[in-house]
Amino acid sequence: MAETLSLDATLTKAEQYRQLLPQIEALTTGEPDLTANLANTAAALRQAFGFFWVGFYLVKGDELVLGPFQGPIACTRIRHGKGVCGASWARAETLLVPDVEAFPGHIACSSESKSEIVVPIFRNGQVVAVLDVDSDQLNDFDHDDQAALEQLVQLAGQWFV
């Protein structure tokens, strides 16, 4: 059965997130497969907001390995502490980057990416993955994105066993 999102584009971004998050929760509740949940979440975020790239990198040893995503092809592996994703993992905190070119050590997986937000996903106090969202516009993310995506990854942390 195909799933559809119900979003009101006339609402503010914060209000749209408030509409979207319960729909992602309903879509993933009862589904035990990690890949399915990450894939549908990436698709829902991209469909809802038209982000340039949305995806997950999973912690595997001392690297982040590309997981489900929506958008152009991406870097496959990122070392701990490298780039925005690796730095978010190492610091165990959300990084909101208004201009990726100004971020020390930025890894340019796509020259079209201009701004980025990366949110770590925790399971039992450890970072197990990161949610990476890129825009092709400068300064495209704000505290509304950060608050909503941090709420979303609390749900996503439950999918990791």
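Can you name the strands (runs of 3 or more DSSP E) wholly within region 88-161 that have at least 1 residues being charged (D, E, K, R) and in contact (Cβ under 8 Å) with a residue 40 or more places away in the chain?
By residue number, 126-135.
Consider region 33-74. How many of its residues are over 11 Å from residue 133 (Cβ atoms), in contact (Cβ under 8 Å) with a residue 60 or more places away in the chain and open to solvent by 20 Å² or more (accessible area, probe 1.4 Å)?
3
Provide a single number: the residues in region 78-87 that are open to solvent by 60 Å² or more (accessible area, probe 1.4 Å) and free of Cβ contacts under 8 Å to residues at least 24 places away in the same chain.
Within region 78-87, residues that are open to solvent by 60 Å² or more (accessible area, probe 1.4 Å) and free of Cβ contacts under 8 Å to residues at least 24 places away in the same chain number 2.
Applying the selection to region 55-87, what residues are assigned to a strand (DSSP E or B) and of a type in the set (D, E, K, R)?
60, 63, 77, 79
Conditions (1) over 21 Å from residue 158 (Cα atoms); (2) more than 17 Å from the chain's Cα centre (by Cα); (3) among the β-branched types (Val, Ile, Thr), marked per residue:
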residue: 10; (1), (2), (3): yes, yes, yes
residue: 24; (1), (2), (3): no, no, yes
residue: 40; (1), (2), (3): no, no, no
residue: 64; (1), (2), (3): no, no, no
residue: 68; (1), (2), (3): no, no, no
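The values are calculated or read from the model by the stated rules, or taken from the named source; none is laboratory data. Values in this document were obtained by computation on a predicted structure and should not be read as measured data. Cβ sites come from the backbone with ideal geometry, for glycine too, and all protein chains shown count toward neighbours. For the accessible areas, the whole protein counts, side chains as well, though only heavy atoms, and no ligand, DNA or RNA atoms are used. Shrake-Rupley method; radii C 1.70, N 1.55, O 1.52, S 1.80 Å.
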